[in-house]
Amino acid sequence: MSQLNSHLDNIPSTPGKFKLEKSQPYIHRLRFHTSLSKLTLWSSFFLVFILFYYVLSSPSPSLPSRRSLNDSWGGPSWEKRVTRSAQRRSSHGLTVLVTGAAGFVGTHVSIALKRRGDGVLGLDNFNHYYEPRLKRDRQKLLERNGVFVVEGDINDSSLLKKLFDVVAFSHIMHLAAQAGVRYAMQNPGSYVHSNIAGFVNILEVCKSVNPQPAIVWASSSSVYGLNSKVPFSEKDRTDQPASLYAATKKAGEEIAHTYNHIYGLSITGLRFFTVYGPWGRPDMAYFFFTKDILKGKPITIFEAPDGGSVARDFTYIDDVVKGCVAALDTAKKSTGSGGKKKGPAQLRIFNLGNTSPVPVSELVNILEKLLKVKAKRKVLPMPRNGDVKFTHANISLAHKELRYKPGTDLETGLKKFVRWYLGYYPGSGKKSSW
């Protein structure tokens, strides 16, 4: 606990067309009135919902089911903690349910909201996708800041309904998701279970409560997939996902449109671009590069098929938090009641990036400088595992509507991350090899 206390200072203070093969004679009799891009999109959804059926029929093999949630929630004492955490300090404040609260972005957003006086309640299932200790330490950090995290799953309708019975949430910050591009090749079911089924469950509960909350949720820059037009704009096509993870996030955007159209839910999607910083995710390159460089292990740097550099639009966590909070503040009220739409509702999507893509090789250069250790580099061709060559955000819409203006360059952000990392993992430092 003393270790955790020493790092509170590191917490942010601010809040292509589808090409058909040549037709055989009998195919010429068919008439296609649907555009080819729609055919591609619906084919993708067909695949996704086949996987959805798979998830419902069999448990996830790699992320074991949690114990019965009835064992961990309910009762007067539990309700008192829920109510106290969700209490606003001002009559103009928000009352926000943050799903995935013990995650990287969820922790930072929850603290930022709580510090400015909003009521915040967290929800997280604490799965084992990466080291549980990090999530539990984030939970302790949240508790120190007055945020109670309910241990439960977004697929548990009974729990969600109970939370709404206890608290009238004005907003939902939906950040719970199965993350990671490459892991989808090992455990595809977990992505559909969380990113599609879980999201639908959230929307189902929200559509029926009165008043309906406004919803802000995490999509991903991965939806741009094989799009080669840069920088990526919200108006660009997103019907060519390069990974199952991207396909589930794209499916989420279409599902959000459906619930907005039918039930009047106010929904804002945020496409995050490679978020990094203190308390980050160990599966991200900047994190495990740091770990392996300090241990003297070789790190793999991928190059594009054409021999070019792989680059990412690295976005510091404080900048992303500001975008999330601004999305909540500008979200209009939902227009439905009792599951019925009363009028048109707000539907938005924004890029939250840094607008300055940096080659991964340059990321390693900066880490070498900050760690004072020379990396053992191994350069290999980029595998066909769902990763893309580059990401680059056009943030003009977010700047106009949210006043979003990222202000942290990669070296400055990595310096803060390295300081946190060396404090959180004592003894991880290595004598300089320069």
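The values are calculated or read from the model by the stated rules, or taken from the named source; none is laboratory data. Bear in mind that the values here come from a model prediction, so they are computed numbers and not experimental data. Because the Cβ atoms are built from the backbone with ideal geometry, glycine has one as well, and the counts that use them run over all protein chains shown. Each accessible area value is taken on the protein alone, full model and side chains, heavy atoms only, with ligands, DNA and RNA left out. Shrake-Rupley method; radii C 1.70, N 1.55, O 1.52, S 1.80 Å.
Does ILE366 meet the test of being part of a helix (DSSP H, G or I), touching a helix residue (DSSP H, G or I) at 6+ places or on another chain (Cβ under 7 Å) and on the phi < 0 side of the Ramachandran plot? Yes: the conditions hold for ILE366.
Filter region 188-206 down to the residues that are more than 18 Å from the chain's Cα centre (by Cα) and surrounded by 24 or more Cβ atoms within 10 Å (Cβ to Cβ) and list them by number. Even if it seems obvious, please write down each step before you answer.
Residues of region 188-206 more than 18 Å from the chain's Cα centre (by Cα): 204-206.
The one that is more than 18 Å from the chain's Cα centre (by Cα) and surrounded by 24 or more Cβ atoms within 10 Å (Cβ to Cβ): CYS206.
Evaluation of VAL149 against the conditions (1) buried (at least 24 other Cβ atoms within 10 Å of the Cβ); (2) within 17 Å of the chain's Cα centre (by Cα) shows that the sole unmet condition is (2). For region 358-377, the set of residues classified as surrounded by fewer than 16 Cβ atoms within 10 Å (Cβ to Cβ) and among the charged types (D, E, K, R) consists of GLU362, LYS369, LYS372, LYS374, LYS376, ARG377, listed by residue number.
If the condition is being polar (S, T, N, Q) and touching a helix residue (DSSP H, G or I) at 6+ places or on another chain (Cβ under 9 Å), then region 75-124 contributes THR83, SER85, THR99, THR107, SER110. Evaluation of ILE299 against the conditions (1) farther than 27 Å from SER396 by Cα; (2) modelled with pLDDT under 95 shows that the sole unmet condition is (2).
Residue-wise test of (1) at pLDDT 95 or above; (2) open to solvent by 20 Å² or more (accessible area, probe 1.4 Å); (3) of a type in the set (Lys, Arg).
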{"position": "TRP73", "(1), (2), (3)": "no, yes, no"}
{"position": "LYS80", "(1), (2), (3)": "yes, yes, yes"}
{"position": "LEU97", "(1), (2), (3)": "yes, no, no"}
{"position": "GLY122", "(1), (2), (3)": "yes, no, no"}
{"position": "TYR130", "(1), (2), (3)": "no, yes, no"}
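Just name the residue that is farthest from PRO357 (Cα to Cα) out of those in region 244-279 that are open to solvent by less than 10 Å² (accessible area, probe 1.4 Å), of a type in the set (A, V, I, L, M, F, W, C) and part of a helix (DSSP H, G or I). Result: ALA256.
When SER266, SER222 are screened for being among the polar types (S, T, N, Q), under 30 Å from GLY343 (Cα atoms) and touching a Ser or Thr at 6+ places or on another chain (Cβ under 8 Å), only SER266 passes. Restricting region 163-187 to residues that are among the small types (Gly, Ala, Ser) and more than 16 Å from LYS250 (Cα to Cα), which is surrounded by the most Cβ atoms within 10 Å (Cβ to Cβ)? Ranking the candidates gives SER170 first. In the condition set (1) within 17 Å of the chain's Cα centre (by Cα); (2) small (Gly, Ala, Ser); (3) modelled with pLDDT under 95, SER228 is compliant with all but (1).
For residues that are open to solvent by less than 40 Å² (accessible area, probe 1.4 Å) and not hydrophobic (A, V, I, L, M, F, W, C), scanning just region 338-347, find the one that is nearest to PHE164 (Cα to Cα).
GLY339
Selection of region 280-325 for residues being part of a loop (DSSP other than H, G, I, E, B) and within 16 Å of the chain's Cα centre (by Cα) yields GLY280, ARG281, PRO282, ASP283, MET284, ASP313, PHE314.
Out of the residues in region 400-416 that are over 17 Å from ASN365 (Cβ atoms) and part of a helix (DSSP H, G or I), which is most open to solvent (accessible area, probe 1.4 Å)?
Residues of region 400-416 over 17 Å from ASN365 (Cβ atoms): 400-408, 416.
Cutting the leftovers down to part of a helix (DSSP H, G or I) gives us 400-402, 416.
Details: LYS400: 154, GLU401: 86, LEU402: 15, LYS416: 70 Å².
Among those residues, the one meeting the criterion is LYS400.
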